[in-house]
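The values are calculated or read from the model by the stated rules, or taken from the named source; none is laboratory data. As the structure is a computational prediction, the values presented were derived from the model and not from experiment. So basically every Cβ, Gly included, is an ideal-geometry build from the backbone, and we count neighbours across all protein chains shown. What goes into the accessible areas is simple: the full protein's heavy atoms, side chains included, and nothing from ligands, DNA or RNA. Shrake-Rupley method; radii C 1.70, N 1.55, O 1.52, S 1.80 Å.
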Amino acid sequence: MKKFFAAALCIALFAACFVPFGVRAETSRTEDYKQTEQYLFLSDFLKNNPVRSSAEQEKAAAEYLADKFDQALEQSGRPANSEILPYPRRETHPYGYSVQVTLQAQESTDKQVIIGAHLDSTGEGANDNAAGVTALYFILQRLAAAQLPVNVVVVAFGGEEDRLEGSYDYVQNMSAQKVAYTLVMFNLDAIAGGDNLYVACENKKTDLASLIVSNGVNVSEKPYAVGTYPIDMFGYGYYERVQASDHTPFRTYGIPTASIFSGTFSVAVWDYAESANQNLNTMNTNADTLQNLDTYAGAQTVDRINAVTETVCATILDDSFVAVAENAVNQLVDSNLFFNVLWPKLAVLGLALVVA
């Protein structure tokens, strides 16, 4: 009998030690993404800048990113050159803040691309847009170590959540020559939480979009016809939901744009939603937190940051990029008669005549 109890005790002790270890090991494998550079940067950015809506909070976030950007430049052997860019706000605070750095091309050129992501937020803004800022940092880190075919300007914009104030001010202060030499503006916004990763250039097929998708990691084009209307709200000549982000001011100045974002067009009300999972429909709410991403998106958050980093870098470093980007301005939808702003005006005039 004593031998039986001794054996049972040994089995119980073994089980007590082994089962928790197994559970811990499984948890560790599930949460390995939390040990990645990408997740650690994201969580540290949010820890140091938990809310980024006021002028003071924007400035703090811009200063944080300026330090990180300069560190990445210095590690790659490039000189630190981050600039804090104040812009006038419409609120009681006189200024908001963006931050930019410039990577010079291998050979001297005036041609450039701009890569942007907004640093401000509504609430914590883990997906919208700390995840985009994190991808922006790792794009900078990677391109800083590369031989670039054109100059690359990396900008973290303030004021996106407040009528795109930071990006509008930025493009309005570009010289006509700078505008002419800017081949493409890439925009990264809310990339982590949605069901799909999309790129939107124009609401028709373009060589630029095709090049991005061909170099992309799990990225597809935003469906052309879905969510697009012949109404001139932003100056494109047409309106679509995804225009409400920092690429729009550049596009209205005639600069081709590529906006990378996550979401779904298959379960949407009014064409677009973030996710079929209601727990991930958090944009511009207090539920847009890192805890929410951990719970409902998990490792997808890091996968998306890596996918966007690879997609943008591979596109810019593609041998055909410069030729495609130089021609992108000729493929803007403004030249498409169907989306000319005259059509909505004619429709309104016709309706007025019928009513009269």
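As a summary of the residue check, residue 137 satisfies the conditions (1) under 17 Å from the mean Cα position of the chain (by Cα); (2) of a type in the set (Phe, Trp, Tyr); (3) modelled with pLDDT under 95 except for the one numbered (3). Checking 242, 226 one by one, the residue that is out of contact with any Gly (no Cβ under 8 Å at 6 or more places or on another chain) and either open to solvent by 10 Å² or more (accessible area, probe 1.4 Å) or among the hydrophobic types (A, V, I, L, M, F, W, C) (or both) is 226 and no other.
Could you name every one of the helices (runs of 4 or more DSSP H) located completely within region 286-333 that has at least 1 residues being within 17 Å of residue 126 (Cβ to Cβ) and of a type in the set (Asp, Glu)? Step through it out loud before you land on a result.
Working: elements: 290-296, 300-317, 321-328.
In region 286-333, the matching helices (runs of 4 or more DSSP H) lie at 290-296, 300-317.
Only one of the numbered conditions (1) among the charged types (D, E, K, R); (2) open to solvent by less than 40 Å² (accessible area, probe 1.4 Å); (3) part of a loop (DSSP other than H, G, I, E, B) is violated by residue 232, and that is (2).
Which of the residues that make up region 72-106 are small (Gly, Ala, Ser), modelled with pLDDT of 95 or more and within 22 Å of residue 59 (Cα to Cα)? Spell out the reasoning first.
Our first condition is that a residue be small (Gly, Ala, Ser); within region 72-106, this holds for 72, 76-77, 80, 82, 96, 98, 105.
Filter again for modelled with pLDDT of 95 or more, leaving 72, 76-77, 80, 82, 98, 105.
Correct list: 72, 80, 82, 98.
This table checks each residue for (1) at pLDDT 95 or above; (2) of a type in the set (Asp, Glu).
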{"residue": "269", "(1), (2)": "no, no"}
{"residue": "274", "(1), (2)": "no, yes"}
{"residue": "296", "(1), (2)": "yes, no"}
{"residue": "303", "(1), (2)": "yes, yes"}
{"residue": "308", "(1), (2)": "yes, no"}
{"residue": "327", "(1), (2)": "yes, no"}
{"residue": "332", "(1), (2)": "no, no"}
{"residue": "341", "(1), (2)": "no, no"}
{"residue": "344", "(1), (2)": "no, no"}
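Does region 158-179 contain any residue that is β-branched (Val, Ile, Thr), open to solvent by 10 Å² or more (accessible area, probe 1.4 Å) and over 23 Å from residue 318 (Cα atoms)? The answer is no, given that none of the residues of region 158-179 is β-branched (Val, Ile, Thr), open to solvent by 10 Å² or more (accessible area, probe 1.4 Å) and over 23 Å from residue 318 (Cα atoms). For region 55-70, the criterion of being open to solvent by less than 30 Å² (accessible area, probe 1.4 Å), within 22 Å of the chain's Cα centre (by Cα) and modelled with pLDDT under 95 is met by at least one residue.
List every residue pair whose Cβ atoms sit under 9 Å apart, with the two residues 6 or more apart in sequence or on different chains, where the first one lies in region 263-287 and is open to solvent by 50 Å² or more (accessible area, probe 1.4 Å) and the second, anywhere, is of a type in the set (Ser, Thr, Tyr) and at pLDDT below 90. Taking only residues 6 or more apart or on different chains, the pairs are 276/266.
Rundown of residues vs (1) over 30 Å from residue 327 (Cα atoms); (2) among the β-branched types (Val, Ile, Thr); (3) out of contact with any Ser or Thr (no Cβ under 8 Å at 6 or more places or on another chain); (4) surrounded by 16 or more Cβ atoms within 10 Å (Cβ to Cβ), yes/no style:
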| position | (1), (2), (3), (4) |
| --- | --- |
| 72 | yes, no, yes, yes |
| 88 | yes, no, yes, no |
| 100 | no, no, no, yes |
| 103 | no, no, yes, yes |
| 109 | no, yes, yes, no |
| 122 | yes, yes, no, yes |
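Each residue in region 308-334 was checked for being under 20 Å from residue 142 (Cα atoms), among the aliphatic types (A, V, I, L, M) and surrounded by 21 or more Cβ atoms within 10 Å (Cβ to Cβ), and 3 of them qualify. Only residues that are aromatic (Phe, Trp, Tyr) and more than 23 Å from the chain's Cα centre (by Cα) were counted in region 76-121, giving 1. Of everything in region 207-223 that is open to solvent by less than 10 Å² (accessible area, probe 1.4 Å) and in contact (Cβ under 8 Å) with a residue 60 or more places away in the chain, the residue that is farthest from residue 306 (Cα to Cα) is 208.
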